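Here is the structure we will look at, set down as structure tokens.
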Amino acid sequence: MAKMTLDQLRALRAQKQGELEKRNVEGKDIQVIVGMGTCGIAAGAKQTFDAIVAALEKHNMAGRVVVRQTGCMGLCYVEPTVEVVMPDMPPVIYGKMTSDVAEELVVKHLVEHSLLDSHIFDRPAIDIVKH
Amino acid sequence: MAYKNFILVCGGTGCESSRSDEIYKNLIKEAEALGVSRDVQVVKTGCFGFCEKGPIVKVLPSESFYVEVKPEDAHEIIAEQVIKGREVARLLYRKDKKSETTKLEDIEFYQKQFRIVLRNCGVINPESIDEYIARTGYQALEKALFEMTPEEIIAEVKASGLRGRGGAGFPTGMKWEAARKSPGDIKYIVCNADEGDPGAYMDRSTIEGDPHSILEAMVIAGRAVGANFGYIYIRAEYPLAIERLKIAIQQAKDYGLLGKDILGSGFDFDIEIRLGAGAFVCGEETALLQSIEGKRGMPRPKPPFPAIKGLWGKPTVINNVETLANVPVVLTRGAAWFSSIGTEKSKGTKVFALTGKINNSGLIEVPMGTTLREIIFDIGGGIRNGKKFKGVQTGGPSGGIIVEKDLDSPISYESLTALGSMMGSGGMIVMDEDDCVVDISKFYMAFCVDESCGKCAPCRIGTKQMHGLLDKISKGQGEEADLAKLEQIGKAMTKAALCMLGGSAANPTLSTIRHFRDEYLEHIHDKKCRAGKCKDLVVYEIDPTKCIGCGLCARRCPVPCITGEKKKPHVIDGSKCIKCGECFAACKFGAVVKR
């Protein structure tokens with residue numbers, strides 16, 4: 001994009017805010033968000049990311065899901081961390097999401113709509129931008 | 001088939017010991033008995049960090065938050081919540097007995113954390129400027145450029161009570177004001193991202209998770225003080241943070257949020273990255289400036305302060321990463337909102353990197369005024385393996401140890417200094433009974449010996465001498481008079497060193513001598529290290545009554561110095577033993593004893 005004016009910036013913000021609220025990115029309604037700070041990557045987040053993408057292909061979910069990266073969620077003791085946001089399910093943060101449990105996550109949470117036991121953690125604080 | 005409800009039962013160590021497992025089983029049993037096991041899924045989760053109110057049960061999607069749940073309550077939760085869709089009011093969390101039961105989001109103090117600096121970390125894609133913009137990003141910049149004068153920006157930051165998060169706690173607004181008033185046509189903004197304390201990674205995570213917040217704050221600072229150029233000084237050891245900063249700078253330039261005539265306001269601001277070679281002293285602001293100028297990083301006496309005479313002799317504002325990350329929020333939410341958080345003199349929040357012998361290590365952000373006990377035992381989930389808490393080191397090699405009796409004092413710049421430690425940049429290392437204070441002090445002093453730039457005698461000679469004395473004590477060759485010497489040199493360094501590296505290098509030693517004098521004396525008189533960390537004072541032996549002669553220790557021994565016949569008790573040759581502890585760790589029968 002070319003350099004913006006004040007009005008263009010405001011218009012862009014309004015547009016992106018809408019997209020974020022609808023949780024609809026690139027026309028896909030499910031988001032899988034992988035924590036990719038140094039801590040996450042050291043714990044294997046890149047492998048997890050790849051394994052999730054592969055599992056989505058295998059279970060024909062790729063068309064509905066966007067896999068994104070984010071920074072450190074703060075839960076260093078249970079890295080890698082993955083958040084899943086999708087319709088009809090509460091948003092959930094999973095910890096200890098190494099690549100070997102990635103497929104289980106896709107099958108259980110995304111396909112079967114149930115939570116993956118023993119991997120659930122809590123968002124550490126309220127979101128001040130929303131509240 | 002889709003579940004209508006999810007019941008999350010805390011499976012953290014704290015809750016586990018308060019019968020969460022029984023609750024979990026009862027919930028499943030009740031769901032089956034009442035015929036709703038297809039409507040509700042019961043799962044175990046990690047620690048919710050609210051352990052003193054445990055066991056905790058949370059029901060989704062209603063976000064009902066139940067505390068102090070008993071196994072008998074399972075029936076009511078299923079019958080009421082799952083079947084009738086009503087919350088079990090008597091189990092819901094209340095701030096105090098009188099208050100109305102509230103929803104999770106309204107309970108400010110639930111989870112104890114409050115994220116201002118880390119507001120976007122773990123939420124947005126750090127490589128997407130659009131996501132940053134969507135979450136009120138660059139809105140503060142709009143305000144700063146079009147709605148506020150530079151004086152008003154400075155007044156707002158001053159009124160917010162924001163203080164430097166790099167450790168010393170100087171009021172940010174005053175720093176900006178000094179630089180604004182300082183005469184000169186060229187001024188600079190510098191972001192100090194030279195995070196070097198052992199165990200600290202707050203700034204790295206902030207940049208990796210939300211690089212645009214730093215850029216936005218630097219442009220605002222530039223507008224406030226009248227600077228058109230900024231440097232981010234970051235250690236080369238942070239490749240991912242550097243990569244994301246580079247991406248962010250390019251994106252901001254493409255959007256016209258950096259460069260000439262930002263958003264058509266007529267204000268120009270540009271940012272460049274400077275890589276540090278990882279010298280701890282370059283986190284000291286005057287040394288950092290020298291390093292940017294291409295000279296050897298060594299501090300110089302202050303005054304003149306950088307706000308008057310900084311980079312290339314020009315007025316320069318140096319702010320730490322965390323300080324800057326607060327700035328956009330100060331402007332968008334306002335000084336009144338910001339200053340409502342925290343204590344009287346320390347406003348806002350502080351990010352800590354919680355590490356060491358703690359269950360839930362991690363990056364946390366708490367309001368100033370939170371107690372160390374809340375951080376360690378609620379958020380951190382207590383000490384690993386049920387061991388006994390010994391102390392917590394704040395401020396890394398510049399801070400001191402804080403012990404059990406002081407855990408209830410609320411965190412602020414002043415309170416930590418009064419306890420003989422300091423806020424520091426935010427590393428927080430928790431120690432248990434297996435850590436030795438002499439060993440820790442020696443470790444930090446060795447770090448300071450390595451990192452001392454050598455410019456001033458008190459630091460160059462003092463750190464070396466103190467390290468020598470600590471080394472002597474750790475080897476069992478110390479005398480009681482050495483403690484007095486340590487205190488004497490330490491105090492001299494504190495007073496006479498040129499910068500805070502030397503000025504605070506004695507803190508770990510002085511504070512451990514104050515709180516754990518008996519352990520130092522034990523090393524000196526009894527030649528004993530109760531934690532078994534000082535290698536020279538430890539003796540490994542094999543208890544012949546317990547040894548079954550499996551030979552595992554002998555195979556692991558790297559020297560080797562363990563001998564014995566198969567299926568008969570083995571012996572360690574003490575004269576050859578290097579005290580690596582391999583045999584101790586290897587023995588499955590507790591036959592190797594450490595003395």
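Calculate the spin-label point distance for residue B:159 paired with residue B:387, positioning each point 7 Å from the Cα along the beta-carbon direction, and give it in nanometres.
Computed distance between label sites residue B:387 and residue B:159 equals 5.0 nm.
Over all alpha-carbon pairs in the stretch B:351-444, figure out the percentage whose distance exceeds 20 Å. Intermediate results must be reported in sequence, preceding the final value.
On the way: 1122 of 4371 pairs.
So the pairs more than 20 Å apart make up 26 percent of the total in the stretch B:351-444.
Relative contact order for chain B: what is it in percent, counting Cα pairs under 8 Å that are at least 6 residues apart? Before the final figure, lay out each step's value.
Working: 1230 pairs, mean separation 64.2, N = 595.
It comes to 11 percent, rounded to a whole number.
Less than 23 Å apart at the alpha-carbon level, and either on another chain or at least 8 residues along: which lysines does that give for residue B:253?
A:3, A:16, B:143, B:187
Which FRET efficiency value, to the nearest 0.05, do you get for residue A:14 and residue B:236 by plugging their Cβ-Cβ distance into 1/(1 + (r/R0)^6) with R0 = 51 Å?
Details: r = 39 Å, r/R0 = 0.77.
E(calc), rounded to 0.05, equals 0.80.
Quick check: pseudo-label points 7 Å beyond the Cα along Cα→Cβ at residue B:146 and residue B:246, how many nm apart are they?
Rounded to a tenth, the inter-label distance reads 3.3 nm.
With a bin width of 5 angstrom, please list the P(r) values of the stretch B:437-526 as percents of all Cα-Cα pairs, from the 0 bin to the one holding the largest distance.
Per 5 Å bin, starting at 0, the Cα pair percentages come out as 3, 17, 29, 26, 15, 8, 2, 0.
For the pair residue A:46/residue B:277, report the inter-label distance in nm, with labels modelled 7 Å from Cα in the Cβ direction.
It works out to 2.8 nm between the two label points.
Of the peptides B:253-259, B:331-337, B:353-359, B:196-202, how do they stack up when ordered by the mean number of other Cβ atoms within 10 Å, highest first? It would help to have the intermediate numbers written out before the result.
On the way: B:253-259: 19.3, B:331-337: 16.7, B:353-359: 23.1, B:196-202: 21.6.
So the peptides B:253-259, B:331-337, B:353-359, B:196-202, ranked by packing, come out B:353-359, B:196-202, B:253-259, B:331-337.
Normalised by the residues of the stretch B:539-594, what does the relative contact order come to in percent, with Cα pairs under 8 Å and at least six apart? Spell out each step's value before the answer.
On the way: 98 pairs, mean separation 26.6, N = 56.
Dividing the mean separation by the residue count of the stretch B:539-594 yields 48 percent.
Show me B:70-79, B:565-574 ranked by packing, highest mean number of other Cβ atoms within 10 Å first. Please report the intermediate quantities before stating the final value.
Details: B:70-79: 18.2, B:565-574: 13.8.
Ranked by mean Cβ neighbours within 10 Å, highest first: B:70-79, B:565-574.
Once all Cα-Cα distances of the protein assembly as shown are split into 10 Å bins that start at 0, what whole-number percent is in each one?
Spelled out per bin, shortest first, that is 3, 13, 21, 23, 20, 13, 6, 1, 0.
Could you tell me the center-to-center distance, by alpha carbons, between the stretch B:519-576 and the stretch A:110-131 in angstrom?
After rounding, the separation between the Cα centres reads 48 Å.
Can you run the Rg to Rh ratio on the stretch B:129-335? Use alpha carbon positions and the Kirkwood inverse-distance Rh. Before the final figure, lay out the partial values.
Values: Rg = 15.5 Å, Rh = 16.7 Å.
Result: Rg/Rh = 0.93.
Between residue B:261 and residue B:84, what FRET efficiency follows from the Cβ-Cβ distance if R0 is 60 Å, with the result rounded to 0.05?
The computed FRET efficiency comes out at 0.45.
Relative to the compact-globule scaling 2.2 N^0.38 Å, provide the ratio for the alpha-carbon radius of gyration of the stretch B:119-159.
Numbers: Rg = 12.9 Å, N = 41, 2.2 N^0.38 = 9.0 Å.
So the Cα radius of gyration is 1.44 times the expected 2.2 N^0.38 Å.
Largest first and in whole Å, what are the equivalent-ellipsoid semi-axes of the stretch B:114-219 based on the Cα gyration tensor, each being the root of 5 times an eigenvalue?
On the way: eigenvalues 117, 75, 33 Å².
The three semi-axes for the stretch B:114-219 are 24, 19, 13 Å.
Contact order normalised by length for the stretch B:349-432, with contacts defined as Cα pairs under 8 Å and 6 or more residues apart; what percent is it?
Details: 178 pairs, mean separation 31.0, N = 84.
Value for the stretch B:349-432: 37 percent.
Go ahead and estimate [θ] at 222 nm for chain A from helices alone: -39,500 (n - 2.57) per DSSP H run with n ≥ 4, summed, over the residue count, rounded to 500.
On the way: 4 runs with 40 residues, N = 131.
Theoretical 222 nm ellipticity from helices: -9000 deg cm²/dmol.
Label chain B by shape, choosing from rounded, prolate and oblate, from the square roots a ≥ b ≥ c of the eigenvalues of the Cα gyration tensor; if a/c is under 1.5 it is rounded, and otherwise prolate applies when a/b is larger than b/c, oblate when it is not.
Values: a/c = 2.11, a/b = 1.10, b/c = 1.92.
Oblate.
When the Kirkwood radius is taken over all Cα pairs of chain A, what Stokes-Einstein diffusion coefficient follows at 25 °C and 0.890 mPa s, in µm²/s? Spell out each step's value before the answer.
On the way: Rh = 15.7 Å.
Answer from the Stokes-Einstein relation: 156 µm²/s.
In deg cm²/dmol, rounded to 500, what helix-only [θ] at 222 nm does chain B give when every DSSP H run of at least 4 residues adds -39500 (n - 2.57) and the total is split over its residues?
-10000 deg cm²/dmol
Averaged over all directions, how much area does the convex hull of the C-alpha atoms of the stretch B:303-381 cover when projected, in nm²? Mind showing how you got there, number by number?
On the way: hull surface 30.5 nm².
It is 7.6 nm².
Read-outs throughout are calculated quantities, based only on the coordinates presented, and are distinct from any laboratory measurement. None of the values given here were measured: they were computed from a predicted structure. Methodologically, a virtual Cβ is constructed for each residue, glycine included, from the backbone with ideal geometry; neighbour enumeration extends over all protein chains shown.
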